[in-house]
1. Where the second residue is exposed (fewer than 14 other Cβ atoms within 10 Å of the Cβ) and modelled with pLDDT of 85 or more and the first is assigned to a helix (DSSP H, G or I) and lies in the stretch 89-104, which pairs have Cβ atoms under 6 Å and are six or more apart or on separate chains?
2. Taking only the stretch 132-162 into account, find how many residues are exposed (fewer than 13 other Cβ atoms within 10 Å of the Cβ) and within 25 Å of residue 90 (Cβ to Cβ).
3. Could you tell me whether any residue of the stretch 163-183 is surrounded by fewer than 12 Cβ atoms within 10 Å (Cβ to Cβ), closer than 30 Å to residue 92 by Cβ and in contact (Cβ under 8 Å) with a residue 24 or more places away in the chain?
4. Residue 137 versus (1) under 45 Å from the mean Cα position of the chain (by Cα); (2) at pLDDT 90 or above: which is the lone unmet condition?
5. Answer with yes or no whether residue 95 is modelled with pLDDT of 85 or more, out of contact with any helix residue (DSSP H, G or I) (no Cβ under 7 Å at 6 or more places or on another chain) and either under 30 Å from residue 140 (Cβ atoms) or surrounded by 10 or more Cβ atoms within 10 Å (Cβ to Cβ) (or both).
């Protein structure tokens with residue numbers, strides 16, 4: 001007869017293995033996968049399409065550059081033409097004013113039977129016409145008689161003693177030839193004689 005205490009103390013048999021290992025508690029969770037563009041509705045263009053789009057954009061920029069270059073060339077050409085015309089026809093208005101002076105001189109010479117008084121009156125009228133043409137064109141007369149000598153407007157050819165002892169030195173006493181200025185720029189200085197410095 002066996003002892004019951006010996007049978008109850010036997011080691012229990014292990015459970016059969018199910019074949020799948022249990023995951024470790026600290027096992028890494030796999031990272032999330034990148035979403036497929038086809039799944040969210042967006043389609044990435046191919047390299048050929050991107051290249052074609054870049055070529056079209058470059059063609060547009062090149063065409064715009066050619067147009068801007070042509071426009072700049074046209075502006076430069078027109079500016080050169082305007083400068084050339086301005087230089088060629090700068091005296092057009094002044095020439096038109098002088099035509100009346102020439103007509104008056106020709107009319108005076110054509111009249112052979114006129115008296116000296118009529119001839120003088122005609123010359124004076126012609127001179128007034130010429131002065132008016134000068135004024136319209138900005139051509140002013142420089143007649144510095146009695147003024148202080150100015151080397152920018154006058155050209156002294158000699159010095160003489162002043163008849164009045166109170167006259168200051170370098171005062172214009174005689175104008176041999178009037179000068180002229182065009183819009184303030186001297187185109188011909190006046191030829192003058194000035195007073196000599198006092199001893």
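The values are calculated or read from the model by the stated rules, or taken from the named source; none is laboratory data. The shown structure was predicted, so the numbers you read here are calculated from the model rather than taken from an experiment. Quick reminder, even Gly has a Cβ in these numbers, built from the backbone with ideal geometry, and neighbours come from all protein chains shown.
1. Here the result reads 97/136, each pair linking the stretch 89-104 to a residue that is exposed (fewer than 14 other Cβ atoms within 10 Å of the Cβ) and modelled with pLDDT of 85 or more.
2. Residues that pass the stated criteria total 5.
3. Yes.
4. (2)
5. Yes.
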